[in-house]
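Here's the structure, in C-alpha cells; my notes come after.
The values are calculated or read from the model by the stated rules, or taken from the named source; none is laboratory data. What you see is a predicted model, and the numbers here were worked out from it, not measured in a lab. Because the Cβ atoms are built from the backbone with ideal geometry, glycine has one as well, and the counts that use them run over all protein chains shown. Heads up: the accessible areas ignore ligands, DNA and RNA and are worked out on the full protein's heavy atoms, side chains in. Shrake-Rupley method; radii C 1.70, N 1.55, O 1.52, S 1.80 Å.
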Amino acid sequence: IVKSLLKKYHQAVQGVNHTQGPYEELTNSLNSNDVQKWKKQAELAALDHGELLDIYQLKMDKSPTMAEIRLRLTENELSSHGRTGAISWLIEGINIENTQ
C-alpha cells in the first residue's frame, strides 16, 4: 500500500508542477478582487461541503436551438427588396437533407 501511495504522491506532484505555470498566468490575468473572492468561497466550500460546493458548477446560458438560430439568421438577412438570400437557401437545403 505504501508503494501505491508513493506512486500516487509522485503523480500528484507532477500534476501540480505541470499546471502551476498556466494557473499563475490565469490568476495574474484576472481581477485580484475576484481571485480573492473565489479563494474564500473555495475555502468555505472545503470546510462546509453541501450547497457551497455549487461554486464549482459552470454557470452557462442555455444554447439556442437550431430553430432559433435559423430564425435569427433569416430575420437578419431580409434585404431592402424583401427577398431572402444565401442563408435561406442553405437552411432550405439542410431541411431537405434532414427529411431524406
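Within the stretch 49-68, if we keep just the residues that are open to solvent by less than 100 Å² (accessible area, probe 1.4 Å) and assigned to a helix (DSSP H, G or I), the residue that is farthest from residue 91 (Cα to Cα) turns out to be 50. When restricted to residues that are exposed (fewer than 13 other Cβ atoms within 10 Å of the Cβ) and either closer than 17 Å to residue 24 by Cα or modelled with pLDDT under 75 (or both), the stretch 35-48 contains 3.
Of 84, 74, all but one fail to be part of a loop (DSSP other than H, G, I, E, B), at pLDDT below 80, in contact with a Ser or Thr (Cβ under 8 Å, 6 or more places away or on another chain) and surrounded by 10 or more Cβ atoms within 10 Å (Cβ to Cβ); the exception is 84.
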